[in-house]
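These notes are about the structure you will find just below.
Nothing in this text is a laboratory measurement; each read-out follows from the coordinates by a stated rule. On a predicted model such as this, the values are computed, not experimentally measured, just so you know. All Cβ positions, glycine included, derive from the backbone under ideal geometry; neighbour counts span all protein chains shown.
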Amino acid sequence: MRTVILQTSIRLLMPLFIIFSLFLLFRGHNAAGGGFIGGLLASIGLFTRSMILGVNNTIAKYKIQPIGIIASGLLVSAISVISPIFLGKPLMTGIWFDFTIPLIGKIGTPLFFDIGVYILVIGVVSNITFTLSKN
Amino acid sequence: MEIVLAILTGLLFAAGLYLMLHRGIVKLIIGIMMLSYATNLFIFLIARITRGVPAIINQAKEVLTPPFADPIPQALILTAIVIGFGIQAFVIVLIRKVYKVTGTSDMEKLNSTETID
Amino acid sequence: MVIILTISLLLTFISIPVHRLSPNRTGNWLSLFPLGIFALALSKLDHVIRQGSIIEKYSWISSLNLNLTFRLDGLSVFFVLLISGVGFFIFNYANGYLWEDKNKRLFYLYLSLFMTAMLGLVMSGNLIVLFIFWELTSLSSYLLIGYYHNNEESRKSALMAMLVTVSGGLFMLAGFILIGIEVGSYELNDIITNINVLSESKVKPLIAILILVGASTKSAQFPFHFWLPNAMAAPAPVSAFLHSTTMVKAGVFLIARLIPLFADTGVWSLTLIHIGTITMVYGALSAFLHNDMKKVLAYTTISALGIMTMLLGIGTTTSVQAAMVFLLAHALYKSTLFMVTGNIDHEAGTRDLSALSGLGKFMPFTFYSSVLASLSMAGVIPFFGFIAKEILYGATFSAPFASGLIGFLTFSTGVIFTSIAFEFGYKIFTGEKSTMPKKPHEAPASMLIGPIFLATLGLVGGIFSEQLAQPILHHSSSQILNIEKVLKLGIWHGFTLIFALSLLTLLLGYILYKSRKNILTISSKFKLTELFGPEKIYTKSITALLEIAKKQTLFFQSGNLKNYFLVIVATLLVLVWTQMLYLGEFPSLQSFEELTRLKWYEIIFILIMAIGLVNTIAAQSRITSIVSLGLIGYGTAATFLYFGGPDVAMTQFLVETLTIVLFVLTLNHLPKFIPLSRTSKPKLLLLPLLFGATLTILLLWIHTLQTPSPVKDFYAQSSYLLAKGRNVVNVILVDFRGLDTMGEIVVLAIASLGIFSLLKYTSKNT
């Protein structure tokens, strides 16, 4: 699997994988996509890279600690669930900011929730695949 | 179309259960996976299928107007697929471990470890 | 009085950190908390006496109309002072008693948890809150009795104590709920103000009985008493705190609390007098027949609790006052005697009354406190016990009915108490030194402060009863009676009949003490102590329960995976078919006419799926069946895509890819297929085919039904307007049903952690 062509192409493709997965994540609220799908795509990218360039190489390059990623994903989601309470609203109320960011669109707690899902899925899948391929 | 899909779903259920009743542990996993396809399809089908109209609101409108595919089973299935993946991975790893520790993959031989004191 | 509870709760939380900072002085440091609570309660005492009770109310579950109500009134302030005051000495005592114990940090944790629960119990102003704290005391008592968890006996005793008290608590809860239904509120205040509602209720006697079951289990009343002697498996500080002074008095407290509600119910006072009297006599007799010091104390405690129950049942002003006075006297001398017993057990290595004598020379301070406590127990002038006995005799002999019998039985109990007091205060400390397992020496200071102080308080409290004990006891008994009644304490009431009886008690007690040895030899021939039944019923029912549980578990959990599948599927089939046959509307072919027609490209992926299906089953190698499985997966994804589910389709597609990769990765480590024998194949096919057919029919049947879906319409209407998202599926996931998704990602995280730990930590026998 470690031919030069593959190695070079995955290095070039990797940013595309990540960008496309982020694109899927952010468009998710208004079109097909979302945190689950984006996360799965990104982790497939990571996994392909680790198959070709080695797990340790990938971990070193992206500084991945799967358990840490899972935890931070959960944290981001949990914060977006809880934060409405501090504004005196019930748990999980969607709060949207007025401004929009180009390419991403409106910003609000559901988006952060989806981002948390995205991060968590990356963590879970890469945890599974990394531990399995290491063994 | 519904009839064909319903029959296919039934066959998937049957095949999944058939594989799960085998003694081998790998067939068990395959059976579970097949059962989960069948279940997802089942949930998808009970809501009645609509061809080619996703539950996405048109840019020009503010509400979804019929006909459209029912979004509720889709939301259910979506998470079920991802969780199913996590559970499958867990089962595979567990079975690997069991196989490594006990040296057998025969379900009939694995049940003798249960004791009650 | 949330501040008191907060302090106590804080104590629970910091007990372990404090132990880390100062492992040898934990108990001493922690004892400052109960001391603080004591001071706080004392500072509120004046306010309570002059201006009435302090009530604090916090909304808890407003939809159920439940409040966290706490009240500090005459009764609860008395108990708070008792709990925190004795608690202070117990923490210090435990410091010495558990000096060499390795697990003691847990002990302090449990002990402070118990104290919090107990304080919460006595201060509750709401029946439900009271119940919660009530069960919490049972729970923490379980942990404390089972503290020596390596010892099977103490585990069993802990379980027994918990099962008995907790199940009693459930009866009580039933009673509380009935009160709630009748009155419409669980607030103690509301219930007492609306006392008429309850008085007119037909279920009032039932409520009374239910609550009394709870109180009797907790306060070890006959026939639920048997857990208390067994609870003596606990370390001495626990016995001195929970099983003499505080927890066992929770039942008495509850009865006292509810007297205004039930005093006019015949069944209430009759039951109380009966069980109280039986318990009193039974406890005293059993105490007399035992030789283990802790058992003797346990049975005298049972007897004393019987006295209090009986007095509260009599329900006259004097008897209620007597109950409170006796409760205080008993708390002072009994906790001392328990600590004395702990000292002797700790330093001499035995607590067998018949094997001990001549300890006085070696343990002078223990001797001192034991003598004082025993004198108070016997009711000698001018000890507080004397005052308690005077008022006790006065109350029983003036009871409204059967006063002669009740009075006589109380008097006899007093005689037995006196004879036991001689054992504790005289016999074991004087005379020649007997042989003991350890070389006896005096206990460390921290184990002496408590007994000395409390025993001395029994003397000082007797002499200055008017100044020290009268105000608080006056208030607590007035609180119980719900009207102001004067309580006058004093030593000297002149040469009355009661005084003569007091003297007679001492005399007869001494004679009984002298002849105890002979009586014991006779009684041991008849094995009197093993005669009684309630404990046997408990043991038998527990064994039977375990037996049933074992059989049931073996029946349902056969350990054979195939059986589980068969049971699950068979249940499903039976349920589905009964329902379908019951409704009886089977789909006719006409009803399918409006369904969507097949298109040519759809035939292709359905064919692909069918091929995958056949291949997966038929495949002989693992890789073939896994790739075929992939075909089904991609086919499913295509189905989702064609019928308006792009999100699901994408997810299915990506997951499918990952699954195949996952399988390939682990394939080398996975076992090979086990071929089936030819004979078992057809048999195995039957149930799956039935299963598949049923689900197909069910699916088609569902399609013929017309069911509106308001949820679907709601999401379609409000996805953009309310949640600002056009992709309805995604909006459901992250917004409308976001909490579900939260739960799901937690499951994912846990599964992933499971995989991580399964692979990370290889077990030793691999």
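Odds and ends about this structure:
- The radius of gyration of the Cα set in chain C, together with its Dmax, comes out at 35.2, 115 angstrom.
- Förster radius 56 Å - calculated FRET efficiency between A:Leu6 and C:Lys57 (Cβ-Cβ, nearest 0.05): 0.20
- Estimated FRET transfer efficiency (C:Leu607, C:Ser541; beta-carbon r; R0 60 Å; 0.05): 0.40
- C:Trp134, C:Trp268, C:Trp227, C:Trp99 arranged by Cβ crowding within 10 Å, fewest neighbours leading: C:Trp99, C:Trp268, C:Trp227, C:Trp134
- Note on C:708-721: average number of Cβ atoms from other chains within 10 Å of each residue's Cβ is 4.
- Bridging of B:Lys100 to aspartates and glutamates at a Cα separation below 20 Å is possible for B:Glu108, B:Glu114, once same-chain residues fewer than 8 apart are set aside.
- Over chain C, dividing the summed -39,500 (n - 2.57) contributions of all DSSP H runs of at least 4 residues by the number of residues returns a 222 nm mean residue ellipticity of -24000 deg cm²/dmol.
- Projecting the Cα atoms of A:Ala71, A:Val4, A:Phe17 onto the charge dipole of segment A:4-134, computed from C-beta unit charges around the Cα centre, puts A:Val4 farthest toward the positive end.
- Amide H contacts for C:Thr69 (H built 1.01 Å from N in the peptide plane; partners 5 or more residues away or on another chain; cut-off under 5 Å): C:Tyr58, C:Gly125, C:Asn126.
- Under-5 Å amide H pairs with C:Phe222, H placed in peptide plane, nonlocal only: C:Thr279
- With θ taken as phi - 60° and the Karplus curve 6.51 cos²θ - 1.76 cosθ + 1.60 applied, the whole-hertz 3J(HN,Hα) list for segment C:4-9 is 5, 5, 4, 4, 5, 5 Hz, x standing for glycine and proline.
- 14 Å beta-carbon shell around C:Pro237, net charge (K/R +1, D/E -1): +1
- Ignoring lysines fewer than eight residues from C:Lys433 along the same chain, the ones with Cα atoms less than 22 angstrom from its Cα are C:Lys294, C:Lys361, C:Lys514, C:Lys517.
- If R0 equals 25 Å, the separation of the Cβ atoms of C:His47 and C:Thr317 corresponds to a calculated FRET efficiency of about 0.50.
- For the protein assembly as shown, the dipole from Cβ point charges (+1 on Lys and Arg, -1 on Asp and Glu) about the Cα centre works out to 2620 debye, to the nearest 20.
- As a rough footprinting exposure proxy, the listed residues C:Lys218, C:Lys550 were ranked by other beta carbons within 10 Å of their own, and the order from fewest upward is C:Lys550, C:Lys218.
- Of C:Lys202/C:Lys249; C:Lys389/C:Lys536; C:Lys562/C:Lys599; C:Lys104/C:Lys550, those spanning more than 31 Å from alpha-carbon to alpha-carbon: C:Lys389/C:Lys536; C:Lys562/C:Lys599; C:Lys104/C:Lys550
- Quotient of the Cα radius of gyration of segment A:6-135 and 2.2 N^0.38 Å, N being its number of residues: 1.16.
- Charge dipole (segment B:2-113, unit charges on Cβ, about Cα centre) - positive-most of B:Leu17, B:Ala47, B:Gln74: B:Leu17
- Ascending count of other beta-carbon atoms within 10 Å, so fewest first, for C:Thr137, C:Thr317, C:Thr578: C:Thr578, C:Thr317, C:Thr137
- Rounded if a/c under 1.5, otherwise prolate or oblate - the protein assembly as shown, Cα gyration tensor axes: prolate
- Amide H to amide H, with H built 1.01 Å from N, A:Ile107 comes under 5 Å of A:Phe97, A:Ile101, counting only residues 5 or more places away or on other chains.
- Cα→Cβ-extended label distance, 7 Å offset, between C:Ile3 and A:Asn57, nm: 6.9 nm
- Pairwise label distance in nanometres, C:Val711 with C:Phe464, each label 7 Å out on the Cα-Cβ vector: 7.2 nm
- Adding -39500 (n - 2.57) for every DSSP H run of four residues or longer, then dividing by how many residues chain A holds, sets the calculated 222 nm ellipticity at -23500 deg cm²/dmol.
- A full extension of the chain between C:Trp600 and C:Lys672 corresponds to an added length of 22.0 nm, given 0.36 nm per residue minus the alpha carbon distance.
- Inter-label distance, C:Ile181 to C:Leu721: 4.5 nm, where each label sits 7 Å from its Cα along the C-beta direction.
- What you get for segment C:3-79, charging only the Cβ of Lys and Arg (+1) and of Asp and Glu (-1), is a dipole of about 140 debye around the Cα centre.
- Taking θ as phi - 60° and the Karplus parameters 6.51, -1.76 and 1.60, the scalar couplings of segment C:305-319 work out to 5, x, 4, 5, 4, 4, 4, 5, x, 4, x, 6, 4, 4, 5 Hz in sequence order, x denoting glycine and proline.
- Averaging the sequence gap over all C-alpha pairs within less than 8 Å and six or more residues apart, then dividing by the number of residues, gives chain B a relative contact order of 25 percent.
- Cα gyration tensor shape of segment C:90-159, rounded if a/c is under 1.5, else prolate or oblate by comparing a/b with b/c: oblate
- Its Cα centre serving as origin, chain C has a Cβ charge dipole (Lys and Arg +1, Asp and Glu -1) of approximately 1940 debye.
- Segment B:2-113: Rg to Rh, with Rh as the Kirkwood radius over Cα pairs: 1.16
- Ranking C:Gly635, A:Tyr62, C:Leu82 by Cα position along the charge dipole of the protein assembly as shown, where only Lys, Arg, Asp and Glu carry charges on their C-beta atoms, puts A:Tyr62 farthest toward the positive end.
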